Structures are given as structure tokens and as C-alpha cells.
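Only one structure is covered here, and it is reproduced in the block below.
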Amino acid sequence: MTPTFKIKITGIVQGVGFRPHVYRCARSFGIKGYVFNNDEGVIVHAQSEHETIVKKFIQTITDKSPALSKIDSVSFEKIDAKKYSDFSIISSEGSGQRGHVIPPDAFVCDECCEELFDPNNRRYLYPFINCMHCGPRYTIVKDIPYDRPNTTMHEFQMCHECQSEYENPLDRRFHAQPIACPSCGPELTIYDRDFENITTDYPVLKMVELLKEGNILAVKGVGGYHLMVDPYNTDALRKLRERKKRDEKPFCLLFESVEKCESFCELTDFERALLNSPERPIVLVPKLDSDDLSELVAPNNTNYGVMLAYTPLHYLILKNNFSCLVCTSANVTDRPIIYEDDLETLLQVADYAVTHNRKIHTFTDDSIVRLVKAWDKNEYQTIRRSRGYVPKRLVCSNNNIELLSVGAELKSTVCMVKNGSIMLSQYIGDLKNLETYNSFKEVIQHIKKLYKFEPKLVACDLHPDFISANYARELDIPLIEVQHHHAHMCACMLENNIDQNTNVIGIIFDGMGYGTDGKIWGGEFLLGNYKEFTRAAHFDYFPLPGGDASRKKINIVAFACLLKAYGNIDEVMKNWKTSLTEEEMVLYQKMIDTNINSPLTSSVGRIFDVVSAIIGLCRFSSYEGQAAIILEQAMKSSHCDLNESYPYLISFQNDQYLISLNETYLSILNDANIGLSPEIISWRFHNTIVKIINDVCILIRERKGANSVVLSGGCFQNKFLLESTIQVLNKNGFKVYFQRDYPANDGCISLGQAAHVLYSK
Ligand code: ZN
Ligand code: ZN
Ligand code: FE
């Protein structure tokens, strides 16, 4: 009998050209047999006279796997089989469980790009060119299995030529579900503000012309609409900021290539690689001093968010026309990205809408990442996880749990646990908007349908009023409530494969989360594991007069902290130069004293706001995190020096360390009043926070023995804070973990909730 092997490959191996890849390899090695997809992955029966050839064949399949695939495991065994005469691809078998292997959306590949600009190619200048290695995936799937009739491409009847490419195992477009060409596929349409169709023979030229004239274009992309504008045109940018009601939040820039990008930003090799990675995220990078773009692209910011073209249309617009373009998500303030062809809403902001007839079934925003230095190495951090990364998943050993976790509220995501895999959804947004809440429910429905998912358990935040938590509470399945900062800690532990028996110190610094004592936590040192925790230390509480509104009115929070530090209002008035009037201060003092709408918090996010407002760098925050970003960027140094810090007090009561910053604030105000630059004050303040972290961790280690530290919470998106904390703790013998693939902000909460449930046994 001829030796035959059955090979099983699992992971993202379907819908990515894996079978044709195996087919080609088999042919080149002279192997006989067949390949097919089933519920578990790709199965190969490989027959050869020589075992060594089969081994080489397996090596080649895995080493040279298709760009979009991600192999989780490869196993093989010897089986008995009849003699095969050739190698073939046979149709899929199974019940349709294979849905969990839908690949993410992918950037247009090099080969397609070449064809796009080849006048002899039948897809020359065709904005919807794609192949097995590229194009939309997750955003066009409506149901499983991932086949053309179950995508939004089902509306397009393939032409004869496309059909023959689709059916030819040796063609790059074999089973490429979104396959299309100018004679059978989607096309662009342009509308003006009167909803008149002004499409021309070559719409891309018209788009270029409109952009050059200073118009704002809403352009349909992969996961939703973008707003595009010429970044040299200050008037157009001002118009965009006014219509979008977006004062200062930076806009992203789109480039054709890394080389073009380098005329405007300073890039390291690592950042070049991030930009070029298949996910094509937005990368936050330092601006060059000498760039000539309009200041309104990213006002008061030392960074640009930049990304490389990822759709054929991006290349068509940019090529030889623009060095770069502003390309920002089209959404009404605080609402999710617009992905339906809602011309009325789009044209409130844009002058023209460029749409097409390939429907987007699920939205995805552009993802955001950045470089961080840790342990003297280049690492990265994910700030928003969406297009390109979703629906990639983590594997877990627990096969029995079917769980939905619904995350937090401000940076909402949901998470599914099923069949031993953990899948975090795309970034959804702030659920306090009805539209976002509707999207949240749509995402859950979509995941349920796509993965035949019926959760048996649901996990949510402890917060009594979180919209996501109340959604979960109304479901008729067993509910598990997870404390917000514990979820942060579990998310970081999961990503770093920390085992169930390790006790860690979880340093969780963020904006706000509901604490077990009913107060707003956010400056926490937790001690524990996936299952349980104690609060080992925290920043001392301070009041937030005005409650939720204080997220923007940070001047008022600064007043509250100075009042606490001085102990009397006259001293505050005498020493602090601020835009608040004396009457206002008296009013806020009353609110605090009588405890009217002045909840207590330990939030480090707010503490950064306070310092920014005390020294007058930022008194009103127009977008989340703005004051902290301005404060961080005020400091030119990236080198941490613990000797250059402000005084603070750590006391011990009720089995907890309590950190008081009263002295810190007074010293900061004093420095500001003697004219010390914000650069130095900010640097000293950052050093102070790192020093506090170090002191507290050492105290906890001495008492409790824990030596592993996990970092999470939005404040660790502060590069200086993250890098310096890792460096200092590392030097003192701690094992430090942070989040790379999942965001440190509330985007990770649903993941952490899932981790808590999974590993609480
Ligand atoms: Zn391609
Ligand atoms: Zn065609
Ligand atoms: Fe949080």
C-alpha cells in the first residue's frame, strides 16, 4: 500500500486561498490525494512513495501559507487509503460550524495593485479589484458558510470571465468570494448636496477635481464612510471641523506609501512595518518639525495619525494627485461610523458623497496602534481594535463555556466565548448614544447568527446604570457581574497567558469604573487573580462637582482638588490664576460641602486633567483624554528621573495603602506661580506618578509577596507613563505585563469579563 497521510490544519485557513495553496504545493511535490474544508479546518490526504517528501510538503504548506491565513495547529497521522491517480480539491463537508474561521478584511495586495495600473489588464483602474489574498471579508459576510451567496456580493451575477477565474484552482481568484470586474461588479456613484447624481465616465477624476477645489468628500470604503479633504486647504479643514463639531481632535492622514509619509513624519523601521502590516492600521507617529500641511489637521498635537492606502480606490485617488489626504471616519459626533448609504446624514457634513453598490453588512472603523519601547525593545500598543484585526480570536482550553460579555459603556466592545475560542468584537463606541446602542445590539445579533452562537451565560459590568449591563440584566440567562478594574486586570492577564494560580498586582489607571464601595474608582492597585481580588492600594478620593459633566469641565475638578489640598477657599483664590470666577468657586464649594452631584473618585485619568488645568495648559477638554495628551506632549523629555519628582503621601489604613496628592498639587501650583515651564512641571509630575507606582508595588510585595505586575486602563496609553513604569519596575525585579493586541482602555473590558468567567473555576 502507498503511504498516505491525513493532515489537519486549523486556524484562519478557510476563505483565504488555503486549498489552492495546498493544491499547488501537492502538484510541485508530485503528491497525490485531495484537500477539503470541514468544520475543524483544512484536511489533506497526501500520498507519496516517500515519507520524507510528505514531510517536506507539510513544511512547505505551513512555511509558505497564504498571507491572510493564520495557522493555529498542524497535525498528521498515517492512514490506509486506496491509490490516488492525481491531486484534487473536493467540496466542503460539514454542518456549517466552520463559520468561526471568517478572515478579517484585507488591504489590496501587490498583485492586484499592479493589475490596477496595467492598461492591458481587464481590471485596469477598476476600484473593486480583489483576489483570494485581498479585499473585504468580515464586513460583507451575512451568514455562514463564507460563500458568495452569503455575502453582500450575491447581488452581482459573475460574468463569464470572472466565473472561470473563480472556478480555476490555479487562478489567484479561485473562490475569491468578492471577485468582480468592470463588466459585472460594483460601481461608484457621486451625489451632490441636492442628492443629484453627478457621476461621470471616470468618477475618480471627478473626485480628484472636487478635492482639489476644496470640497469635503464622503467616500464609502470597506467598513464605512470616510470624510476626505485636501490637508493643505485650511478653509476646507475649517469647514470640516465646524460641520463635524470637532474642534481639535486630530484627523488621520492617508498616504500611498511609506516613502511619501516620511516627508511629514519621523518613522522608525518598526513603525514602517506597522504601517505596512496587512491590517493597515492608523499608526500614531511624531510629526516632522518642518511640515507644510495645514495646522488644522492635528492642532496642538506633536503626532500625526497616519495610515497607508488599503483599498484600490485609495490608490486611484492618491496616485500622482495628492501627497496625502485627510481621511477620517464619517460619523456624527460620538456616534458610530456611518456605513449605510444614508446620503442625508453624510451630506450634512460632506459636500459630495461617493458611494457604491457593494453593501457593507457590518461596520468596522480604522484600527489605531502605536510604537512603545519596553525592555529596550520595540513593542506596540493597540488603541482601537477594529478593521483588519476583527474577527481574529484567542484560543482557550475551556471548550464547554458559551458566554457573551458586554463590556463597559464609553468604548464599548462585546466578546464571544465558544468552542474554545475567544473573539472580541470591533470597537463599537459610546453607548450613551441611541445609534451606538443600536449598533451594539446589531453586532451581538450578527455574531450570534454568524457563529450559530446561543450564549448560556452573560457577563457585564458591576455598574448599576451602564447601558450594556442593563442590556445583559434583561437577558434571561445566568448573569455574572464583574468589577470594572478587575476586568481590566483579567484582560491583560489573558493576553499575556498568565496562569490561574498566579497572584498579580494589577495597576489599573483609567477614567472611571464603578467600585465595590459604590464610588468611582480609577487609580487602583488590585491584588489577586482571574477569580478574585482585593484592593491593595488606591489614590485618595476627591469630589467631581457636576458629576459626569466634569469630564469636560476639568477646571472645576482642579478647583476641587486645590480646595482639598489647601483646606480653605481663600488660599485657592489667592494662589490660583484661573478662568473660574470667585462666585463660581463659592458655588462649587457649596456643592462639594453639601454633597450635591459631587461623586467621589480615585481616577488617575481625572488627576492628569487636574494637573493640566492647575497649570493652565488645558482648562476644558474637547475630546476624551485631551488634557492628558497635552500634558504629556508638553514634556519634551522621554527620560524618567525619579529624583525629579514632587512630594506625596502614602499612608496605611484599613489594610490598604492610600495615596494622597495634596502636597503634589501645592508644589505644582507653586512651580507654576514662580514661572517654571509646563515642560518641566509636566515631566516632574509624570516622574511622580511613576515613583508612586514603584513605591506602592514594593510595599505590596513586602507585605503580600506578589511579584508580577499587570498594567491596564486608558492612562497607560500615555507613552511616557507606560514605558517608564515598565522600565522602573523591571529594574526593581518585578515581572511586568502590558497589553499589545487588545486596547488598555475600556475596549478590553468585555475580554476581561470573559477571562474572569473562563478562569474562575
Ligand atoms: Zn489581491
Ligand atoms: Zn466580471
Ligand atoms: Fe476603564
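Just so you know, in the stretch 132-148 the residues that are surrounded by fewer than 22 Cβ atoms within 10 Å (Cβ to Cβ) and closer than 19 Å to Gln163 by Cα include one that is farthest from ligand 1 (Cβ to nearest atom), and it is Asp147.
For beta carbons closer than 9 Å, sequence separation of 6+ or different chains, a first residue in the stretch 190-201 that is under 13 Å from His356 (Cβ atoms) and a second that is surrounded by fewer than 12 Cβ atoms within 10 Å (Cβ to Cβ), the qualifying pairs are Ile190/Asn197; Tyr191/Asn197.
Please specify each residue of the stretch 126-173 satisfying the condition of being part of a helix (DSSP H, G or I) and more than 12 Å from ligand 2 (Cβ to nearest atom).
Residues of the stretch 126-173 part of a helix (DSSP H, G or I): 148-150, 152-155, 160-167.
Result: Arg148, Pro149, Asn150, Thr152, His154, Glu155, Glu167.
State which residue is surrounded by the most Cβ atoms within 10 Å (Cβ to Cβ) when the search covers only the stretch 25-72 and only residues that are modelled with pLDDT of 90 or more, in a loop (DSSP other than H, G, I, E, B) and within 35 Å of the chain's Cα centre (by Cα). Here the residue is Ser65. Here Asn168 clears all of (1) surrounded by 16 or more Cβ atoms within 10 Å (Cβ to Cβ); (2) within 16 Å of ligand 1 (Cβ to nearest atom) except the condition numbered (1).
If only residues of the stretch 407-424 that are more than 16 Å from the chain's Cα centre (by Cα) and in a loop (DSSP other than H, G, I, E, B) are counted, the one that is farthest from Phe453 (Cα to Cα) is Gly420.
Could you pull out the residue among Val696, Val709, Val757 that is outside any helix (DSSP H, G or I) and closer than 30 Å to Gln500 by Cβ?
Being outside any helix (DSSP H, G or I) and closer than 30 Å to Gln500 by Cβ holds for just one of Val696, Val709, Val757, which is Val709.
When Glu259, Glu279 are checked against the criterion of being without any contact (Cβ under 8 Å) to a residue 12 or more places away in the chain and closer than 29 Å to Arg137 by Cα, a single residue qualifies: Glu259. Taking every residue in the stretch 624-651 that is in contact (Cβ under 8 Å) with a residue 12 or more places away in the chain and pairing it with any residue that is surrounded by fewer than 18 Cβ atoms within 10 Å (Cβ to Cβ) and in a loop (DSSP other than H, G, I, E, B), at least 6 positions away or on another chain, the pairs with Cβ-Cβ distances below 6 Å are Gln633/Thr302. Just wondering, is there one or more residues in the stretch 61-72 that are in contact with a helix residue (DSSP H, G or I) (Cβ under 6 Å, 6 or more places away or on another chain) and free of Cβ contacts under 8 Å to residues at least 40 places away in the same chain? No, that holds for no residue. Across the stretch 146-165, the qualifying residues are those that are within 16 Å of Ile89 (Cβ to Cβ) and at pLDDT 95 or above, and the one among them that is nearest to ligand 3 (Cβ to nearest atom) is Glu165.
Of the residues making up the stretch 385-397, those that are assigned to a loop (DSSP other than H, G, I, E, B) and either at positive phi or surrounded by fewer than 14 Cβ atoms within 10 Å (Cβ to Cβ) (or both) are Gly388, Ser397. Out of everything in the stretch 649-681 that is under 35 Å from the mean Cα position of the chain (by Cα) and in a loop (DSSP other than H, G, I, E, B), what residue ends up being nearest to Gln633 (Cα to Cα)? Checking each candidate, the answer is Ser677.
Consider the stretch 524-576 and keep the residues that are modelled with pLDDT of 95 or more and basic (Lys, Arg). The one that is nearest to Leu669 (Cα to Cα) is Lys574. For the stretch 712-756, the set of residues classified as under 21 Å from Phe685 (Cα atoms), under 17 Å from the mean Cα position of the chain (by Cα) and crowded, with 19+ Cβ neighbours inside 10 Å consists of Ser712, Gly713, Gly714, Cys715, Phe716, Gln717, Asn718, listed by residue number. Only a single item in (1) under 27 Å from the mean Cα position of the chain (by Cα); (2) among the polar types (S, T, N, Q); (3) part of a loop (DSSP other than H, G, I, E, B) is not met by Ser598, and it is number (1).
Does Ser75 satisfy the condition of being crowded, with 21+ Cβ neighbours inside 10 Å, of a type in the set (Gly, Ala, Ser) and either modelled with pLDDT of 90 or more or within 21 Å of Val395 (Cβ to Cβ) (or both)? No, not satisfied.
Of Gln727, Gln739, all but one fail to be within 15 Å of ligand 3 (Cβ to nearest atom) and either part of a helix (DSSP H, G or I) or in contact with a Leu (Cβ under 9 Å, 6 or more places away or on another chain) (or both); the exception is Gln739. Take the stretch 710-759 and flag every residue that is basic (Lys, Arg) and in contact (Cβ under 8 Å) with a residue 24 or more places away in the chain. Answer for the stretch 710-759, where residues must be basic (Lys, Arg) and in contact (Cβ under 8 Å) with a residue 24 or more places away in the chain: Lys719, Lys735, Arg740. In this structure, Gly224 qualifies as touching a residue at least 60 places away in the same chain (Cβ under 8 Å) and more than 16 Å from ligand 1 (Cβ to nearest atom). Applying the condition of being among the hydroxyl-bearing types (Ser, Thr, Tyr) and either crowded, with 16+ Cβ neighbours inside 10 Å or under 19 Å from Thr364 (Cα atoms) (or both) to the stretch 149-165 and asking which residue is farthest from ligand 1 (Cβ to nearest atom) yields Thr152. Listed conditions (1) acidic (Asp, Glu); (2) surrounded by 22 or more Cβ atoms within 10 Å (Cβ to Cβ); (3) free of Cβ contacts under 8 Å to residues at least 40 places away in the same chain are all met by Asp235, apart from (2).
Within the stretch 434-441, does at least one residue satisfy the condition of being within 21 Å of the chain's Cα centre (by Cα) and assigned to a loop (DSSP other than H, G, I, E, B)?
So in the stretch 434-441, the residues within 21 Å of the chain's Cα centre (by Cα) come out as 435-441.
This time we only want the ones that are assigned to a loop (DSSP other than H, G, I, E, B), so: none.
The answer is no, given that none of the residues of the stretch 434-441 is within 21 Å of the chain's Cα centre (by Cα) and assigned to a loop (DSSP other than H, G, I, E, B).
Of the strands (runs of 3 or more DSSP E) lying entirely inside the stretch 478-549, the ones with 1 or more residues being within 16 Å of ligand 3 (Cβ to nearest atom), within 27 Å of Asp430 (Cα to Cα) and of a type in the set (Asp, Glu) are found at 479-482, 504-514, 520-528. Just to be sure before I move on: is Phe87 over 30 Å from Val417 (Cα atoms), of a type in the set (Phe, Trp, Tyr) and either without any contact (Cβ under 8 Å) to a residue 60 or more places away in the chain or out of contact with any His (no Cβ under 6 Å at 6 or more places or on another chain) (or both) in the structure I sent? When the stated conditions are applied, Phe87 passes them.
Of all the residues in the stretch 719-735, those that are of a type outside the set (Phe, Trp, Tyr) and touching a strand residue (DSSP E or B) at 6+ places or on another chain (Cβ under 9 Å) number 10.
Output the strands (runs of 3 or more DSSP E) that fall wholly within the stretch 185-274 and possess 2 or more residues being over 20 Å from Ser367 (Cβ atoms), or say none.
So the answer is 188-191, 217-220.
If you filter the stretch 697-722 down to residues that are of a type in the set (Lys, Arg) and farther than 15 Å from Gln739 by Cα, you find that the one that is farthest from ligand 1 (Cβ to nearest atom) is Arg703.
The values are calculated or read from the model by the stated rules, or taken from the named source; none is laboratory data. Model, not experiment: these values are computed from the prediction. In this analysis, Cβ positions are derived from the backbone assuming ideal geometry, glycine residues included, and neighbour counts consider all displayed protein chains.
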